[in-house]
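> I'd like to ask some things about the structure below.
The values are calculated or read from the model by the stated rules, or taken from the named source; none is laboratory data. Source: prediction; values computed, not measured. Here the Cβ positions follow ideal geometry from the backbone for every residue, glycine too, while neighbour counts run over all protein chains shown.
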Amino acid sequence: MKELEEEIKKCRKCRLWKSRKNAVPGEGNYNADLMLVGEAPGKTEDEMARPFVGKAGQLLTEILEKNGIRRKDVYITNVVKCRPPNNRNPMKDEIEKCLPYLKKQLEIIKPKVILTLGNFATQTILPLYGFKAENISKVRGKVFDSPLHGIKILPTYHPAACIYAPWLKEKFENDIKKVLELI
Ligand code: URA
Ligand code: SF4
């Protein structure tokens, strides 16, 4: 994983390397039972080379810790490892170029549960395990169990969505609680 993280830091496979300050490979426990996958680094993440440390990340961390999930026990990463300019959505070809890194991270960690944060992560992860890429509004809170892969996927809202729409926070926290039961 250390080697992979080093490779990601030097990566120039898609256009996003040009505008990034730092690639953000991910961080946490390499033997984690739980992996969290977001969309792409934002401004703070790009500056600090760490995932989910900005405003959305602080909310995520707060709700995790409140429910007994320590950040250092899980592995947190993103679909795309470099910040898209002005936080625009990652493009299809950028996701494609970057996806081998996420796949390798999944192979190394072999998590029991993946919590996908938001639509991009959900639509990227579900097809990796033979599920249809459904929209987050349709599948949030639903457990996708793949005994074949020994993995369960739980899609939930992106924590940034819970900042814009605080009424989503309750469901988001319920999903975090559900994750604990799944593990
Ligand atoms: N939003 C994301 O999707 N990922 C981060 O790392 C930070 C904010
Ligand atoms: Fe490489 Fe991914 Fe960064 Fe693109 S986003 S430069 S593929 S690490």
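> How about the range 46-91: which of its residues are closer than 21 Å to residue 23 by Cα, among the hydrophobic types (A, V, I, L, M, F, W, C) and in contact with a Pro (Cβ under 6 Å, 6 or more places away or on another chain)?
Selection gives 56, 60, 76, 80.
> Applying the selection to the range 124-134, what residues are more than 16 Å from ligand 2 (Cβ to nearest atom) and over 22 Å from residue 177 (Cα atoms)?
127, 128, 129, 130, 131, 132, 133, 134
> Could you list all residues from the range 165-183 that are at pLDDT below 95 and either outside any helix (DSSP H, G or I) or not hydrophobic (A, V, I, L, M, F, W, C) (or both)?
181, 183
> Pairs, please: C-beta under 7 Å, at least 6 apart or cross-chain, first residue under 14 Å from residue 76 (Cα atoms) and in the range 95-108, second away from ligand 1 (no atom under 14 Å from the Cβ) and outside any helix (DSSP H, G or I)?
Taking only residues 6 or more apart or on different chains, the pairs are 108/1; 108/30.
> Taking the options 118, 57, name whichever one is in contact (Cβ under 8 Å) with a residue 60 or more places away in the chain, within 16 Å of ligand 1 (Cβ to nearest atom) and at positive phi.
Numbers: 57 fails: at positive phi.
Exactly one residue qualifies, and that residue is 118.
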